[in-house]
1. Suppose every K and R has +1 on its Cβ and every D and E has -1 on its Cβ; what is the size of the dipole of the range 313-373 about the Cα centre, in Debye to the nearest 20?
2. Out of every Cα-Cα pair in the range 311-360, what percent are more than 11 Å apart?
3. Just to check I understand the Karplus step: with θ = phi - 60° and J = 6.51 cos²θ - 1.76 cosθ + 1.60, what whole-Hz values come out for the range 218-223, glycine and proline as x?
4. Let me cross-check LYS276: its accessible surface, 1.4 Å probe, with only protein heavy atoms counted, in Å² to the nearest 10?
5. Give, rounded to the nearest 20 debye, the magnitude of the charge dipole that the range 62-175 has about its Cα centre when Lys and Arg contribute +1 at Cβ and Asp and Glu contribute -1 at Cβ.
6. Taking the Cα centre of the range 180-253 as the origin, how large is its charge dipole in debye, to the nearest 20, when only Lys and Arg (+1) and Asp and Glu (-1) carry charge on their Cβ atoms?
7. Choose one answer from GLY374, GLY329, GLY315: the residue with the largest mean-square fluctuation in a GNM of the chain with alpha-carbon springs under 10 Å.
8. Under the √(5λ) rule applied to the eigenvalues of the Cα gyration tensor, what semi-axes describe the equivalent ellipsoid of the range 154-261? Give them in Å, descending.
Amino acid sequence: METVEELCAQLIRFDTTNLGGGSSEGEREAAEFVASHLSAAGLAPTLMERSPRRSNVIARVAGSDPSLAPLLVHAHLDVVPADAAEWTVPPFAGEIRDGFVWGRGAVDMKDMCATLLAVLHRWSSEGRGPRRDIVLAFVADEEDTGAWGAHWLVEEHRSLFDGCVAAIGESGGYTVRASSAAGEPVRLYPVATAERGTAHMRLTATGRAGHGSRRNDDNAVVKLLAALQRLTAHEWPVVLTPTVRAFFERTGAALGIEVDLADVDGTLRRFGAAAKIAENTVRNSTTPTVLSAGYKVNVIPGVAHAEVDTRLLPGTEDAFLAEVDRLLGPDVRREFVAHQRAVQAPVDAEWFTAMAAAIEAEDPGSVVVPFCMGGGTDAKAFAGLGIDCYGFAPLWLPENFDHRLMAHGVDERVPVDGLRFGANVLDRFLSTT
């Protein structure tokens, strides 16, 4: 049986690049690899495709207590593109060197796929299993819209998830090294109990086309730029969702640092390295990313477009969009190019308690805290079924290893010791919950 690091390396060697817009290398070979390992562990996996090569793998692990509700565990097989010219090692070579597994998908998220397979093989060889049924979903297309993966499965095959009351997936349960007020090291493990919603918008301004040398008081570009200036200059207010509030309270207690919820920005500054866990989720955000107008320098175009990456905290959408409309004004219209609601699961629940216990058993003295993800995952699809979704892909990280730079970054890699830790934590959690 391969080690967890060997499983991760083999998964990386399958180029499952997702180019977006339905264009992809495809997840088929990686899915077949996963299915073969599930079969070897005594399971009966099913490959499901919306279109050829966009493969999802579904399997069910029988628990010892049928009275317990099933748990969903989901992980994605696709990865974002990688330019080999920028990398120290080829991004799909799956090299193991210097204590790391290198390659695209190492932390996003073929690492969790590998730790899951390692746990299942361990159970099979030791004659063990979980207390409750576990539904496994290794899915396609997370790195784009999920239309070939989680969202398609939920829309067309929702019965696969009947009875599931909770789910775990990316991204949480990794080491964040911080310092207490006394300067002592503190190991935090943030577990995601919420995600900001996605409301990517396309803005359109129209005006009168004309010659660039002539006065034009109905210039679409000018209208659009003015609206974008108002939008980006606006300071969105602090919103303390239940998850974010719990993060501040528990992190402050762990670090021995004063928490002033009337001065969230000041509190984040006092948190030091721990601030990065929550700094993007105390407010909604609007970030212009695409501008498009015109075709020739001496021609005033009649239409100008912009696209804005917009992220929304749970419970804020209606008021937020009303304020966006006020800021844009009557000359600019908006439409969604992607729209997925925010996700929020209970912090004070048996699931969170069990995740914390599993981590703390493997890393004594660590502190598990809830957090809200700034971006989004396939949890948005599964939450639509009424499933409480958590970001829990446990991973131990060494000193001076910036996890944030790895996902979608150059020279993505995952520590071998981190993978082994993740497999042990998942084993504890999945076999006892």
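The values are calculated or read from the model by the stated rules, or taken from the named source; none is laboratory data. Only a predicted model underlies this, so the values are computations on that prediction, with no experimental measurement involved. Positions of Cβ are backbone-derived with ideal geometry, glycine not excepted, and every protein chain shown enters the neighbour counts. Side chains are part of the model used for accessible areas, which takes the heavy atoms of the whole protein and leaves out ligands, DNA and RNA. Shrake-Rupley method; radii C 1.70, N 1.55, O 1.52, S 1.80 Å.
1. Here the range 313-373 has a charge dipole of around 320 debye.
2. Of all Cα-Cα pairs in the range 311-360, 77 percent lie more than 11 Å apart.
3. 10, 8, 4, 5, 4, 4
4. 70
5. 620
6. Magnitude of the dipole: close to 360 debye.
7. The residue with the greatest mean-square fluctuation here is GLY329.
8. 45, 27, 12
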